[in-house]
Amino acid sequence: MLVAEPAAERGWSGMSRFKKQSGFTIIELTIATSVFAVVLLAAQAGFVEIGRLFYKGVSTTQTQQTASNILTDIKNNVQTAASISLQTSGNGYTYYCVGNTRYTVNINHEVDLSNPETYGSGGNFGLLRDTLTGSNACAAPCDPSGACPAGTVALNNPSEMLGNKMRLMQFNISQPNSAASPNLYNVSLIAAYGDNSVLSYTNQNDITTVYCNGSLNTGQFCSVSRLNSSAFRGVGA
């Protein structure tokens with residue numbers, strides 16, 4: 001004879017076969033996703049800022065190193081030079097001669113290494129270094145690709161001393177006191193890195209007052225280095 005199982009017992013037995021399920025609600029998942037998105041955005045902003053600081057450091061270091069190399073080269077030549085010719089203009093160029101080394105200056109010209117370097121007056125160069133041979137004294141430069149006028153000497157295997165997107169805002173070799181210290185020379189230069197859009201001037205009529213403008217967004221592609229030093233002529237001869 002079959003005996004019916006009590007309903008209460010059947011219900012309890014049926015429920016016992018299912019394990020209790022647990023999980024996140026839609027609201028909890030939405031909140032968690034939002035928090036994670038905020039964390040990711042903050043991390044991304046941090047990485048971008050670090051990248052900008054890195055490139056700013058690179059541009060600053062390269063500009064300072066280039067300016068320092070120029071200053072060192074000139075000082076070494078001053079110390080061994082038999083004679084020095086201060087700023088001279090001729091044939092459309094501005095140049096100096098320290099011993100047999102000639103420095104040809106193109107002030108405020110941004111060097112563009114993506115284009116061919118040209119050596120004509122006002123060409124695509126910032127600071128050229130070449131060596132005068134023989135008894136040419138301190139002759140004015142001329143473009144080696146053409147015929148040189150009388151009294152000038154073609155640039156002899158010139159080398160560009162500035163890096164890409166760099167320019168000279170000031171370059172000067174002078175004697176601070178030629179009477180009391182005839183062999184003492186001052187060398188000063190201002191080198192800037194960056195396009196016109198990131199450079200500003202405290203005095204618009206004086207390019208030596210140049211500085212980097214803008215925020216870190218653009219400032220990372222700008223740097224200005226000012227150097228000044230002195231050397232005695234003949235001490236290394």
Self-check item: Summed side-chain charge close to residue 184 - residues other than residue 184 whose Cβ falls under 13 Å, Lys, Arg +1, Asp, Glu -1
Solution: +2
Quiz item: Ordered by residue, what ³J(HN,Hα) values in Hz, to whole numbers, does segment 156-162 give under the Karplus form 6.51 cos²θ - 1.76 cosθ + 1.60, where θ = phi - 60° and Gly and Pro are x?
Solution: 9, 6, x, 10, 7, 9, 9
Exercise. Round to the nearest 0.05 the FRET efficiency obtained for residue 188 and residue 145 when R0 = 25 Å and r is the Cβ-Cβ distance.
Key: 0.20
Exercise. In nm, give the distance between the simple-model label positions of residue 201 and residue 30, each being 7 Å from the Cα along the Cα-to-Cβ direction.
Key: 5.9 nm
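Per Stokes-Einstein, at 4 °C and 1.567 mPa s, what whole-number D in µm² s⁻¹ belongs to segment 43-232, with the Kirkwood radius over Cα pairs as the hydrodynamic radius?
73 µm²/s
Read-outs throughout are calculated quantities, based only on the coordinates presented, and are distinct from any laboratory measurement. Just so it is clear, the structure is predicted and the values come from calculations on it, not from any experiment. Every residue, glycine as well, gets a Cβ built from its backbone with ideal geometry; the counts of neighbours run over all protein chains shown.
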